[in-house]
Amino acid sequence: MSDVVDITDLTVRFATDAGSVPAVRGVTLSVAPREILAIVGESGSGKSVTAKTILGMLPETATTGGAVVLRGRDSASASQGVDVTRLDKAGLRAVRGRDAAMVFQEPSTALNPVYPIWWQIAEGLRAHGKVTRKEARQRSIDILRRVGIPEPEKRIDYFPHEFSGGQKQRIVIAMALILNPNLIIADEPTTALDVTVQAEILELLRWCRDEYGSSIVLITHNMGVVADLADRVAVMYQGEIVEQAEVRALFEHPSHAYTQTLLAAVPRVGAGHSGLVTTERATDASPEASEGAPVVRARGLEITYPGRLGRAGFRAVRGVDFDIAQGEVLGLVGESGSGKTTIGRAIAGLTKVTGGSLNVLGHEMVGIHEREFRPLRQDIGFVFQDPASSFNPLLTIGDAIAEPMLVHRTVSSASAARTRAGELLAAVQLPADYADRFPHELSGGQRQRVSLARALALRPKLVVFDEPTSALDVSVQARVLELISALQADFGFAGLFISHDLAVVDLIATRIAVMHTGEIVEHGDNASVLGSPRDPYTQRLLASLPVPDPVEQAARRAELKALTAGTTS
């Protein structure tokens, strides 16, 4: 059978004020029927631009060269295919959804918030033929049931905000499947998802291939996801394909230096503190924990969000106990909604504690007033998950770092604050001239380094890290994690590291607390929690974490199925 997609010598250039910028340089690719091709690389490598070319989704500033031949399932030109780069707008509308469909990275922005789900799924049906309202609703219900949305007859009339992140991703996949396309392009479909939800979405994509016979182009920077799902891999770097291979061959014998770097950057459970009998930091932290009072102590901690319109409140944290010793980093892991970010915000005084006890740096947080807490704020740093939204876009990087020093009056003048900002930029391995740039002029990894510098500006005794690397490429993530570890050793602050990725936590923390539905279900040193987990939920988290090894990942997938079957039975 002919390939579903043939890309030959593709070039893409974008027109900018500074001139023409090349994004893709001479890419040649093909996708066979029922094949899953993964295109991997860090941000800016050209992988998403290449994929969007298949559907003609590039902006008007783009100029393309070469050929992108797409063969649909039922089109009259299925045998010869059509060159997407030569189609007009009407031709592209005919191809989209019917011959090829897109699963976007962020379902919240892909779904229209003002229309119910059935209307949005049926939009593809209406665009490619006449269907009655009753028929559109019924087909939408059927496809929702097939992608695993519970009670589809009822939930078909829900709006996007009434679904979880994983369910919204399933809905976007349902929208892509409604016309039974020959090709599905999945652009980073699991980046923002928890590892357990990620495993479900990967299984759903595999089901799309097996049940519908669709080929899949998977765009990702997660090499564990590639090992789990892909049949073949194309590695992109600076707009070019530097390596192509069958998935097992690529992981066993990567030939290009960039591929080797990508694989080496993937964090693995056992490569951090859990792989060591003792660690220098753990040894140093233990005497301090016994001699002095802990930096944070929680006993029976309760946090309830008040209800609205007469509804009962939501108890986000239920009877939690934990300590953070001086100079130690505690890892707090769990799925979205488990309560881990709520605890981090409560420690920083951003969320009200409603029960039990939470002592932070010698201050009881239950019933504390802002007047009492304000002097304590300079001893607590906070690194947010998304640095782009946590910066004021009107302030330069230097002003953003200097701002907390001026607010708390820890420096004598604005010039002294700027000098200190330059020192902090050097500490996070950024050039001093970055102080004059604005946040939008930096990459994601650079913005996260600046976020670290700002959190350390007041020399805090405690730093809360809220998913600081979840949105970063693996290579950038590795450098940021190394930087956090080095800064913690240099500055000696205590830390709470919040994440859903156990392998990442293993690199930073020496003790781990696992949260599930507002409770800590397991707590201990890394070796015990990650090496021999007792709680079924921790076991499921570990089995859900993809590893960059196709053979090992296949065994882990079978283990996860057994654990899930045991839980449901």
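The values are calculated or read from the model by the stated rules, or taken from the named source; none is laboratory data. Worth saying up front: this structure is predicted, and the values here are computed from it rather than measured. Reconstructed Cβ throughout: ideal geometry from the backbone, glycine too, with neighbour counts over all protein chains shown.
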Problem set entry | Test: residue in the stretch 555-567 that is part of a helix (DSSP H, G or I), surrounded by fewer than 21 Cβ atoms within 10 Å (Cβ to Cβ) and of a type in the set (V, I, T) | yes
Exercise. Can you find even one residue in the stretch 22-39 that is at pLDDT below 90 and not polar (S, T, N, Q)?
Worked result: no
For this session: Kindly indicate whether L481 is within 26 Å of Y258 (Cα to Cα), surrounded by fewer than 23 Cβ atoms within 10 Å (Cβ to Cβ), in the same structural domain as I343 (by TED's automatic domain parsing) and at pLDDT below 90.
Result: yes
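Residue-wise test of (1) in contact (Cβ under 8 Å) with a residue 40 or more places away in the chain; (2) within 27 Å of S544 (Cβ to Cβ).
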| position | (1), (2) |
| --- | --- |
| Q326 | yes, no |
| G337 | yes, yes |
| K352 | yes, no |
| R371 | no, no |
| L376 | no, no |
Problem set entry | Conditions (1) part of a helix (DSSP H, G or I); (2) within 20 Å of T341 (Cα to Cα); (3) touching a residue at least 40 places away in the same chain (Cβ under 8 Å); number of the one not met by F497 | (1)
Exercise. Assuming L144 fulfils every condition listed in (1) surrounded by fewer than 17 Cβ atoms within 10 Å (Cβ to Cβ); (2) part of a helix (DSSP H, G or I); (3) within 28 Å of the chain's Cα centre (by Cα) apart from one, which condition is it?
Worked result: (1)
For this session: Among the residues of the stretch 154-196, write down those that are modelled with pLDDT under 90 and among the small types (G, A, S).
Result: S164, G165, G166, A192
For this session: Could you tell me whether A174 is closer than 28 Å to V31 by Cα, of a type in the set (A, V, I, L, M, F, W, C) and free of Cβ contacts under 8 Å to residues at least 60 places away in the same chain?
Result: yes
Exercise. For L179, which of the numbered conditions (1) assigned to a loop (DSSP other than H, G, I, E, B); (2) under 15 Å from E200 (Cα atoms); (3) touching a helix residue (DSSP H, G or I) at 6+ places or on another chain (Cβ under 6 Å) fails to hold?
Worked result: (2)
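On the given criteria, is V353 more than 31 Å from the chain's Cα centre (by Cα), in the same structural domain as L487 (by TED's automatic domain parsing) and part of a loop (DSSP other than H, G, I, E, B)? It would help to see each step written out before you state the result.
Working: more than 31 Å from the chain's Cα centre (by Cα): no; in the same structural domain as L487 (by TED's automatic domain parsing): yes; part of a loop (DSSP other than H, G, I, E, B): yes.
It is false that V353 is more than 31 Å from the chain's Cα centre (by Cα), in the same structural domain as L487 (by TED's automatic domain parsing) and part of a loop (DSSP other than H, G, I, E, B).
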Exercise. Is it true that some residue in the stretch 71-86 is surrounded by 19 or more Cβ atoms within 10 Å (Cβ to Cβ) and of a type in the set (D, E, K, R)?
Worked result: yes
Exercise. Hey, does the stretch 194-212 have a residue that's within 22 Å of A127 (Cβ to Cβ), of a type outside the set (K, R) and outside the structural domain of G444 (by TED's automatic domain parsing)?
Worked result: yes
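State whether the residues of the stretch 369-392 include one that is among the aliphatic types (A, V, I, L, M), more than 20 Å from the chain's Cα centre (by Cα) and over 26 Å from V317 (Cα atoms). Reasoning before the result, please.
Kept after step one, since they are among the aliphatic types (A, V, I, L, M), are these residues of the stretch 369-392: 376, 380, 383, 388.
Add one more test, that the residue is more than 20 Å from the chain's Cα centre (by Cα), and what stays is 376, 380.
Checking the rest, the ones that are also over 26 Å from V317 (Cα atoms) come to none.
Scanning the stretch 369-392, I find no residue that is among the aliphatic types (A, V, I, L, M), more than 20 Å from the chain's Cα centre (by Cα) and over 26 Å from V317 (Cα atoms), so the answer is no.
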Exercise. So which of L70, L29 ends up being within 32 Å of the chain's Cα centre (by Cα) and under 27 Å from R170 (Cα atoms)?
Worked result: L70
